[in-house]
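The values are calculated or read from the model by the stated rules, or taken from the named source; none is laboratory data. What you are looking at is a predicted structure, and each value in this text was computed from that prediction instead of being measured. A quick note on method: Cβ atoms are made from the backbone with ideal geometry, for glycine too, and the neighbour counts reach across all protein chains shown. Note: areas computed on protein heavy atoms with side chains; ligands, DNA, RNA excluded. Shrake-Rupley method; radii C 1.70, N 1.55, O 1.52, S 1.80 Å.
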Amino acid sequence: MSVPDPSLSATDSECLAPDPGLRPLGPTPSQSRFQVDLVAEAASATQDKSPSSDASGDAATPSAPPDGQGAADPGPGGGEEAKGRFRVVNFADPSSGGGRAASPEAAPSDCLQNGDTVISETSVHSSTGGQHHYHYDTQTNTYYLRTFGHNTIDAVPNIDFYRQTAAPLGEKLIRPTLSELHDELDKEPFEDGFANGDELSPAEEAVAKESAESKGVVKFGWIKGVLVRCMLNIWGVMLFIRMSWIVGQAGIALACLIVAMATVVTTITGLSTSAIATNGFVRGGGAYYLISRSLGPEFGGSIGLIFAFANAVAVAMYVVGFAETVAQLLAGADAVMTDGINDVRIIGTITVILLLGISVAGMEWEAKAQIFLLIVLVTAIFNYFIGSFITVESKESVGFFGYDASIMWENMGPNFREETFFSVFSIFFPAATGILAGANISGDLADPQIAIPRGTLLAILITGIVYLGVAVSTGSCIVRDASGNVNDTFRSPYPANCSNAACTFGYNFSSCMSDNSCEFGLHNDFQVMSVVSGFGPIITAGIFSATLSSALASLVSAPKVFQALCKDNIYPGLSMFAKGYGKNNEPLRGYILTFGIALAFILIAELNVIAPIISNFFLASYALINFSVFHASLANSPGWRPSFKYYNMWVSLVGAILCCVVMFVINWWAALLTNVIVMGLFIYVSYKKPDVNWGSSTQALTYHQALTHTLQLSGVEDHIKNFRPQCLVMTGYPNSRPALLDLVHSFTKNVGLMICGHIRTGYRRPNFKDLTTDQARYQRWLMRSECKAFYTPVFAEDLRQGTQYLLQAAGLGRLKPNTLVLGFKNDWRDGDMMNVETYISMIHDAFDFQFGAVVLRLKEGLDVSHIQGQDELLSSQEKSSGMKDVIVSIDTSKDSDADSSKLSSKAASLQNSPAIQKDDDDDGKATTQPLLKKDKKSPTVPLNVSDQRLLEASQQFQKKQGKGTVDVWWLFDDGGLTLLIPYLLTNKKRWKDCKIRVFIGGKINRIDHDRRTMATLLSKFRIDFSDITVLGDINTKPKKEHTSAFEEMIEPYRLKEDDMEQEAAERLKNSEPWRITDNELELYRAKSNRQVRLNELLKEHSSTANLIVMSLPLARKGAVSSALYMAWLEVLSKELPPIILVRGNHQSVLTFYS
């Protein structure tokens, strides 16, 4: 950062007036969004103040010259007060053009008054390579003058601040950031960005860019876009060729019940669809978009794929239905081309090619075709109802006698023939589907939030009424069986065998009824509606219209849904289908794919097996839409605010259950297959973990449940059986001490809480924005490393204060740490001994807070952050452009003493930060990154032998340990934590082959007794062990050379008060409290010798162990100096395999009671 010119510093009595030539000429991405012009105004009241000035010191600004840059010359009496006047002359507002200046209507108060500020040194001498930032406060500068007539850059509420992109609804504006309004003037503003996970994925940004560039896009209203499509899709072939048969089988009453049941399911789904569609802006993708944004990518991705596939196969279904009708007409006219099935294939292929042409021509042409088909369909329906009122004698022989109460009464009850209620229902229900036809083109709707609810629900209502009308109508004017023979008449009296309603009209069909040879009537003639209608060919046209419109709707829906799915990159291999063409972003590749799928099934021409699967696919999507509403309501997220209020979470849940029930009613094996496919895709997407964040209700419910359970847990007293080691691990940056992280994670994973504590010290002015950014970044790193831990950084004056913060405040409720885990301070003799005082004080603080303490020591050290270019070995997964050998960079542009690393050296000090290197990027600031992959062009840095060993040692706990031992030296009873940790370790996969060996202290003459006593205790604790060793010689004096080495080690740290005056000794002890007094040394000589002796025993018994777990020696606070305690830990643990020193808080953590 540039050093500010001392001559430019501002005080309370003088303001800064930079050279006008420094003012930037226009907005650039790296500059402030506010362009500021300094105004050097005269301070004299007669020249400057306007009559409207008030007593508070606000003054009106004299009119600026036309170019917006001129300023009044200061008068002779202007003094220093005139130097700092400045006003905003241009705000980068899209609506006002890039270079136009805003004309302020009021002047700022002068620079010395309350609320006013001066331009800071960093503003003039920016670190952005010559680009200068100007900062100002909220009261002196104006953007929203036209709103308040008041000087402020604070923005009033505006919809444009809440847009995600500039398209398609308007410009995206960025409100002033909190830092621009709040920060001191010598601080850089925060970077612009989206808040609260509002940012778009790259795919969504691409969509937005395409949409922004699109001109003349065709958008549909609720009638043409939703109502017409839904009605056409719901009124299928079933209306004309199956509805009368359903009435014949089930009777009028049960047929109406079947229609009502289907309508209830679709209505509930329609209400749920409306609720989701009105809970925010809806993009293209229909059912997939609604489900994925509500339940997340796992459900959305699985249902989206099968929904798109179902629509593609539905095209084939509808086209084959059309082709079969045409083939029958050709057969009736003796115009068969080859044979029946091949005719269907030929006609179907030609039809689907024509439909593809209409679809590819654009949505506008497709919409026109739909309108035409709807007119034909509605005409056919009216044609039937008109014909039902016209009785023609020639139609009586086929069972049509006009409306009559006797016919209606006879047809009221069921008359199932080889069918059941549910089998008839399963045949009808597919006719009620199609309610998502409008939602599927949500991206092509002008206002999906209005169009989807209005169009969908009205379509369900109209089609339901028509279905009910046809059911009642056909049942009231057509008998179930008729021979079609005009000779089956009689004159009174009634024949003895004639008992049905036709007898009242002089017809006796009993002859064909007795042997089930009747060819006409509701039961036998699928084309009975054509017979009844006023003009038969119109019904045929209606059948054509129903099939073609449904096929066309499905042909459009499938590519649109598939395109939305591919744009979200849920399935990376399908991304090629995300590309759109033309002004409407048409998915041409999706059309071709849909055409191919449809053509394949048309050529099969045998859809009786696949049809129920398609119905089940649609029902699965309906079930999930209903479940989405229930789930979102249950999660109680503040973001769930649908403007459509006519829904209920429990009704939606019932709807979801009904959809699942109907799936099994229609076809149980197809329902099972559908569920298997959905679950398979769900598991695949969950495994792939797509990098998207849509604020789904799954996230909201997870939070809700976590909060609820945490509160419930807080109301329960702790119990020994439920004790878990919940560790506060002082790792610094999580990737700087991999061995410490891996070992603790081994015994806390899926068992207890793990918090990676990081204390950042030495900042004169802490940058809390960087802290927040680091917290999010390193938490992601932990997640990607599959490490179940939380990263918690804090700013503090020193390490001890920061540790105290974490010991008191880390965690939540019962999810609070109970064990402090430290790395051993290998370099304690090399640096400032006050660091040792701080380190030992942290252990004392842990015991004061009733925490357990664990210290890990590797002879090679723990901290790898000083090693460059080894990030691949550390499995870092974040990438950054422009970074070369930087492992972790810290922002040092503001403070030279940027981190706690200033207090420690590289080896493995407690809070040594990763290496600090400045990488000058476009901002002139260094960024804090996790271990980054090296630039390929960067040369490999050769490692020295010690660093190579350190790297290898740092990864030893990531590997399977193989057959070995974990040696537990349980010398002092601390409540059982020393024994619990190795037990938890050996339960893990990496450590399961290691055996636990227990070492205890004892007397020579009681070795067997002590061994049996310990074996009994361990068996009661249900902890497996391979061996118990009683150390009878633990109190033997250590070897003289080892004692001498200990004395030599502590010599530099002794106070030697006997060799100086008492006052001088006290003064030295106060300034250097870590020093060892002669009295203290003599008092604890036996304890010192025991540590030396224990090291000898450790080397003798455990030199080949995979891990040593040993009781941590305690030092009485205030009695044992930190240097002596550190020397004990050093001599106890030196030159050994990995060793952890453990001391619980002396509360039982093991019990043998059930």
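Within region 1064-1154, report the GluC sites (Glu not before Pro) that DSSP leaves as loop and that have at most 12 other Cβ atoms within 10 Å.
Details: sites: GLU1066, GLU1080, GLU1082, GLU1096, GLU1100, GLU1130, GLU1135; in loops: GLU1135.
Passing sites in region 1064-1154 are GLU1135.
For region 1018-1077, applying the loop criterion from DSSP together with a ceiling of 15 other beta carbons within 10 Å to the trypsin sites (Lys or Arg not before Pro) yields ARG1022, LYS1039, LYS1056.
What's the local net charge at PHE577, with K and R +1, D and E -1, over the other residues with C-beta under 13 Å away?
Neighbourhood net charge equals +2.
Quickly work out the LYS1040-to-PHE768 label distance, labels modelled 7 Å from Cα along the C-beta direction, and quote it in nm with one decimal. Taking the simple label geometry, PHE768 and LYS1040 are separated by 6.4 nm.
Which entries of LYS1040/LYS1099; LYS749/LYS816; LYS959/LYS1099; LYS219/LYS583; LYS825/LYS859; LYS859/LYS989 show an alpha-carbon separation above 18 angstrom in the structure shown? Before the final figure, lay out the partial values.
Values: LYS1040/LYS1099 16 Å; LYS749/LYS816 15 Å; LYS959/LYS1099 24 Å; LYS219/LYS583 11 Å; LYS825/LYS859 11 Å; LYS859/LYS989 25 Å.
In this structure, LYS959/LYS1099; LYS859/LYS989 exceed 18 Å between Cα atoms.
Net charge within 11 Å of GLN804 by Cβ-Cβ distance, Lys/Arg positive one each and Asp/Glu negative one each, not counting GLN804 itself?
Values: positive: ARG800; negative: GLU797, ASP798, ASP845, ASP848.
In short, -3.
For region 621-697, a/c is not less than 1.5, where a ≥ b ≥ c are the root eigenvalues of the C-alpha gyration tensor, and a/b does not top b/c. That puts it in the oblate class. Measuring nothing but protein heavy atoms, the accessible surface of region 683-829 at 1.4 Å probe radius is 54 percent carbon and sulfur. Using only the Cα atoms of region 1036-1154, build the gyration tensor, take square roots of its eigenvalues as a ≥ b ≥ c, and label the shape rounded, prolate or oblate: rounded if a/c is under 1.5, else prolate if a/b is larger than b/c, else oblate. It comes out oblate by the Cα gyration axes. Listed peptides 958-968, 525-535, 225-235 appear in the order 225-235, 525-535, 958-968 once ranked by packing, highest mean of other Cβ atoms within 10 Å at the front.
Please give the peptides 971-978, 1139-1146 ranked by average Cβ packing (other Cβ atoms within 10 Å per residue), highest first, as a rough proxy for protection.
Details: 971-978: 20.1, 1139-1146: 22.8.
Going from most to least packed, we get 1139-1146, 971-978.
Working from Cα pairs under 8 Å separated by at least six residues, relative contact order for region 612-685 is 45 percent.
Given a 1.4 angstrom probe, what's the average accessible area per residue across region 519-645, in square angstrom?
Details: 4300 Å² over 127 residues.
The answer is 34 Å² per residue.
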